[in-house]
Structure formats: structure tokens, C-alpha cells
Amino acid sequence: MEREQREQLERRSNVFKALGHPTRLFLVQELVRHERNVSDLTVLVGADVSTVSRHLSVLRQAGLVSADKQGANVIYSLRIPCVVGFLDGVEGVLE
């Protein structure tokens, strides 16, 4: 396997790892609907701010979400909306 191919596969693997937690899957599903700040997501998840921020950081490092500072708030949005189609496909296999 060539170096470039290995690096590409590692990046792809990181995306799957980032999606490998129920809370992060929930965050992706919520962000596909519309952008949200951490406070909104914290209420939806039912966890503390540091936990939600940590999950968002994992998703951000994998390139799935972006963060845009707007005043005192950081607004998160889904960078790759087609990932929801992939997750729907997975659900089809599970049924």
C-alpha cells in the first residue's frame, strides 16, 4: 500500500471512529436539521457542557462539523450532510 493511499484510508477511518459513539451520532442528526450552539446541544443531549464539547471536538477533528464564532457563541454546523444518507443506509441493513 502506498503512503498516499494509507493516509487517505487513515482519514476515512478517523471519520468512522468519530461516528462510533451514540452521542456523536445524535449530534450529527441534530446538526443536519440546523446549526446549533453548545448550550442548545447540551440541553438536547442531556449532558454537561464539557461532555458535549468533547464530542463536538472529536467530530470537528474528523472534519464532520465546523465551528463558527458569532459573538460570545460558537455555532456548530454539519460540513458533510451526506453522512446522514450513509447512516440511513446503515439503518436499512439493520432492519
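Between the Cα long axis of helix 3-18 and the first principal axis of the chain there is an angle of about 40°, rounded to the nearest 10. Dipole magnitude for the chain: computed about the Cα centre from +1 point charges on Lys and Arg Cβ and -1 point charges on Asp and Glu Cβ, it is near 300 debye. For the chain, the longest principal axis of the C-alpha atoms and the axis of helix 83-94 are separated by about 70°. Phi angles of segment 59-69 translate, via the Karplus equation with coefficients 6.51, -1.76, 1.60 and θ = phi - 60°, into HN-Hα couplings of 5, 5, 4, 7, x, 7, 10, 10, 10, 10, 6 Hz per residue; Gly and Pro are given as x. Taking amide hydrogens as placed 1.01 Å from N in the peptide plane, the amide H of Glu35 sits under 5 Å from that of no residue at least 5 positions away in sequence or on another chain. Annotation: the chain has a Kirkwood hydrodynamic radius of 14.1 angstrom, from the mean reciprocal C-alpha pair distance.
Since every read-out is calculated from the coordinates, none of them should be taken as a lab result. All values reported here derive from a predicted model rather than from experimental measurement. Cβ atoms come from the backbone with ideal geometry, glycine included; neighbour counts cover every protein chain shown.
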